[in-house]
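One structure is given here, and the rest of the page talks about it.
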Amino acid sequence: MSLDVSPDLLEKAERGEVTDAEFVECVRTSLPYAWETISRVVGELGTTEAPFADNVTPPPDETSRGQLLRALASDAIRGGIERHFGVKLAFQNCHRIAAFRPAAVDSVQYRKFISPTGQLRNQSPELRDC
């Protein structure tokens, strides 16, 4: 299960009454490693004029790696996080998360990051099984 959903939140969801803030809070508490990593990257973005900031540190364990994969593989979770922080997230291998400023989404840096060549350049023997 990706998220720890309280009975109250599930009941609200069944009625179609969940706010973005409630959903994001559920994500934050359910996937703490992913949330902390993304929060840190977004925080780093806020300290620079660069078009993006990224994480290159592998997760400490498989549970943490799974949280990143769940957070970024789900359109709903990823979209909620992006709206919350006001960024566009990009993801390579098991841990390289980048937060892009919305204005940079059509930039050369963004296109390079999400390109097949960018993906291939970010591989190494150590990452094959991540």
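Values computed for the structure shown
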| read-out | value |
| --- | --- |
| Those residues of segment 72-110 which are free of Cβ contacts under 8 Å to residues at least 40 places away in the same chain, within 15 Å of Pro51 (Cβ to Cβ) and of a type in the set (D, E, K, R), in sequence order | Lys88, Asp106 |
| Top-ranked residue in segment 1-20 [being farther than 24 Å from Ala90 by Cβ and assigned to a helix (DSSP H, G or I); ranked as least open to solvent (accessible area, probe 1.4 Å)] | Leu9 |
| Every residue from segment 96-109 that is among the aliphatic types (A, V, I, L, M), at pLDDT 90 or above and open to solvent by 20 Å² or more (accessible area, probe 1.4 Å) | Ala103, Val105 |
| Residue that is nearest to Thr63 (Cα to Cα), among those in segment 1-25 that are under 17 Å from the mean Cα position of the chain (by Cα) and not β-branched (Val, Ile, Thr) | Ser2 |
| Segment 71-95, residues that are among the hydrophobic types (A, V, I, L, M, F, W, C) and either surrounded by fewer than 15 Cβ atoms within 10 Å (Cβ to Cβ) or at pLDDT below 90 (or both) | Ala73, Ala76, Phe91, Cys94 |
| Those residues of segment 48-63 which are without any contact (Cβ under 8 Å) to a residue 12 or more places away in the chain, surrounded by fewer than 12 Cβ atoms within 10 Å (Cβ to Cβ) and closer than 25 Å to Arg111 by Cα, in sequence order | Thr48, Glu49 |
| Among the residues listed as Leu68, Leu45, the single one being modelled with pLDDT of 95 or more, of a type outside the set (Ser, Thr, Tyr) and buried (at least 17 other Cβ atoms within 10 Å of the Cβ) | Leu45 |
| Extreme residue, modelled with the highest pLDDT, among residues of segment 110-122 that are touching a strand residue (DSSP E or B) at 6+ places or on another chain (Cβ under 9 Å) and open to solvent by 30 Å² or more (accessible area, probe 1.4 Å) | Ile114 |
| Those residues of segment 56-75 which are assigned to a helix (DSSP H, G or I) and of a type in the set (A, V, I, L, M), in sequence order | Leu68, Leu69, Ala71, Leu72, Ala73 |
| Tally, over segment 39-56, of residues that are over 14 Å from the mean Cα position of the chain (by Cα) and farther than 11 Å from Ala98 by Cα | 5 |
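The values are calculated or read from the model by the stated rules, or taken from the named source; none is laboratory data. It should be emphasised that the depicted structure is a prediction, and the values quoted were computed from it without experimental measurement. Using ideal geometry, Cβ is built from the backbone for each residue, glycine included, and neighbour counts are taken over all protein chains shown. The protein model used for the area step is the full one, side chains on, heavy atoms only, and it has no ligands, DNA or RNA in it. Shrake-Rupley method; radii C 1.70, N 1.55, O 1.52, S 1.80 Å.
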